[in-house]
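Contents: one structure, followed by commentary.
The values are calculated or read from the model by the stated rules, or taken from the named source; none is laboratory data. Keep in mind that this is a model prediction, so the values were computed, not measured. Cβ placement follows ideal geometry from the backbone for every residue including glycine, while neighbour counts extend to all protein chains displayed. What goes into the accessible areas is simple: the full protein's heavy atoms, side chains included, and nothing from ligands, DNA or RNA. Shrake-Rupley method; radii C 1.70, N 1.55, O 1.52, S 1.80 Å.
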Amino acid sequence: MILETERLYLREMKQSDFNSLCKILQDEDTMYAYEGAFSDEEVQEWLDKQIYRYRKWGFGLWAIVLKETHEMIGQCGLTMQAWKDKEVLEIGYLLERVYWHKGYAIEAASACKKYAFEVLKANEVCSIIRDTNIPSQNVAIRNGMALKDSWTKRYKNVDMPHHRYVAYRDTD
Ligand SMILES: CC(C)(COP(=O)(O)OP(=O)(O)OC[C@H]1O[C@@H](n2cnc3c(N)ncnc32)[C@H](O)[C@@H]1OP(=O)(O)O)[C@@H](O)C(=O)NCCC(=O)NCCS
């Protein structure tokens, strides 16, 4: 286990999480910010990337598990992301649709912010979010982040304006 909150724990994902991951990454509504649902191959690539990240950085997107049922309900964690001409530490979150609007994303994201500052000793951490993705921006704001700057990323041949919300250790 990497992190524990009141209702959740976060742990590394493994191959046996593939089916739970499909429930998240193959849902059209959940994946609208990523230009659509993933194929089985894309889900496997995503899982392999997280496992690679755990080895390379010691962190990545982790599984969010509900303590009450031991079910994987989503993903939240820390990754290094390209932003303009640098790499930045980012908190990301994606929940299976039936678990939205219960406060689980903010519960997991705030634990990741604490981990970034207290364990990784980062001076700042951000969330990079598509301009149209209001629920995700609301999580960032609730997580004590403020809008810092914007940048258009090209993903799946589509120009996507993104906003970067940032929190700083010194002012947290
Ligand atoms: C982004 C995403 C994770 C946000 O999930 P969420 O459930 O809205 O986020 P929160 O955990 O902050 O929950 C807040 C909601 O839970 C409600 N809530 C219920 N119980 C709560 C509790 N104990 N504590 C806090 N909020 C609670 C709040 O009132 C709020 O409701 P509302 O959305 O109806 O206003 C979700 O929409 C998602 O997975 N989207 C698709 C993937 C995605 O776009 N990820 C981001 C890429 S940048």
Thr30 meets each of (1) open to solvent by 20 Å² or more (accessible area, probe 1.4 Å); (2) touching a residue at least 24 places away in the same chain (Cβ under 8 Å); (3) not aliphatic (A, V, I, L, M) with one exception, condition (1)
Would you confirm whether any residue within the stretch 125-134 is within 15 Å of the ligand (Cβ to nearest atom), hydroxyl-bearing (Ser, Thr, Tyr) and part of a helix (DSSP H, G or I)?
no
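Can you pull out every residue in the stretch 138-165 that is over 23 Å from Asp85 (Cα atoms) and either more than 11 Å from the ligand (Cβ to nearest atom) or not β-branched (Val, Ile, Thr) (or both)? Steps first, please.
Kept after step one, since they are over 23 Å from Asp85 (Cα atoms), are these residues of the stretch 138-165: 138-139, 141-144.
Matches in the stretch 138-165: Asn138, Arg142, Asn143, Gly144.
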Is it the case, given these coordinates, that Lys56 is out of contact with any strand residue (DSSP E or B) (no Cβ under 8 Å at 6 or more places or on another chain), away from the ligand (no atom under 14 Å from the Cβ) and either in a strand (DSSP E or B) or among the charged types (D, E, K, R) (or both)?
yes
Is one or more of the residues making up the stretch 1-14 under 15 Å from Gln75 (Cα atoms), modelled with pLDDT under 95 and in a loop (DSSP other than H, G, I, E, B)?
yes
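Rundown of residues vs (1) of a type in the set (Gly, Ala, Ser); (2) part of a loop (DSSP other than H, G, I, E, B), yes/no style:
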| residue | (1), (2) |
| --- | --- |
| Ala33 | yes, no |
| Ala37 | yes, yes |
| Glu45 | no, no |
| Ile64 | no, no |
| Gly77 | yes, no |
| Tyr93 | no, no |
| Glu107 | no, no |
| Lys114 | no, no |
| Gln137 | no, no |
Verdict on Lys102 being surrounded by fewer than 20 Cβ atoms within 10 Å (Cβ to Cβ), near the ligand (Cβ under 6 Å from one of its atoms) and farther than 17 Å from Tyr165 by Cα
yes
If you go through Glu71, Glu35, Glu87, the only one that is open to solvent by 70 Å² or more (accessible area, probe 1.4 Å), in contact (Cβ under 8 Å) with a residue 40 or more places away in the chain and under 18 Å from Arg130 (Cα atoms) is Glu35
Identify, please: which residue in the stretch 1-34 is more than 22 Å from Glu68 (Cβ to Cβ) and of a type in the set (Phe, Trp, Tyr) and is, among those, farthest from the ligand (Cβ to nearest atom)?
Phe18
Exactly one of Lys121, Lys113 is surrounded by 19 or more Cβ atoms within 10 Å (Cβ to Cβ) and among the basic types (Lys, Arg), and that one is Lys113
